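What follows is calculated from the coordinates using simple rules that are stated; it is not laboratory data. Not measured: the values here are computed from a predicted model. A quick note on method: Cβ atoms are made from the backbone with ideal geometry, for glycine too, and the neighbour counts reach across all protein chains shown.
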Amino acid sequence: MNKKIDYNDIVTLHFKLSLEDGTQIESSFEDEPLIISIGDGSLTEGMEQALIGQSAGNSISAIIDPEQGFGYPDKDNQHSIPTDDFPSDLQPEAGQIIAFDGPNDEEIAGTILEIKNQEVIVDFSHPLAGHTLIFEANIIQVVAPQE
């Protein structure tokens, strides 16, 4: 009998994440499969819920709304940055997603919302915040966590 996925299980899978219009965000189907532990934060809550109860060999497709995905854009995450702070070889444009240096030398993605009066308005909410997503997965293996 195939083990059904539950929290803390180690799951090997191929997955594809797309926007509702079909724009592909990420896929592992042409690459190595992803190996995750359910509940470790690798996937959003909605993606994990779509996997729980499934078994190796199953293929799923689930619609993930923003509440179960990456949340909604947060006005408190919008910041104004002087255009002079951008490198001379980078011309910011609305809609661009740029990696900024964050605390602890980590990179933070920021989406440029608009440029006005020598200021660039950048939203540091997750770039997929506010989007409904399509999550597809082929489950390859499910292993219980080591006792």
> Which residues, counting only those in the stretch 1-51, are surrounded by 15 or more Cβ atoms within 10 Å (Cβ to Cβ) and of a type in the set (Val, Ile, Thr)?
Replying inline: Ile5, Ile10, Val11, Thr12, Ile36, Ile38, Thr44
> Among the residues of the stretch 16-58, which ones are closer than 21 Å to Ile97 by Cβ and in a strand (DSSP E or B)?
Replying inline: Lys16, Leu17, Ser18, Leu19, Gln24, Ile25, Glu26, Ser27
>> I need a count of the residues in the stretch 101-125 that are touching a strand residue (DSSP E or B) at 6+ places or on another chain (Cβ under 7 Å) and closer than 29 Å to Glu48 by Cα.
In response: 8
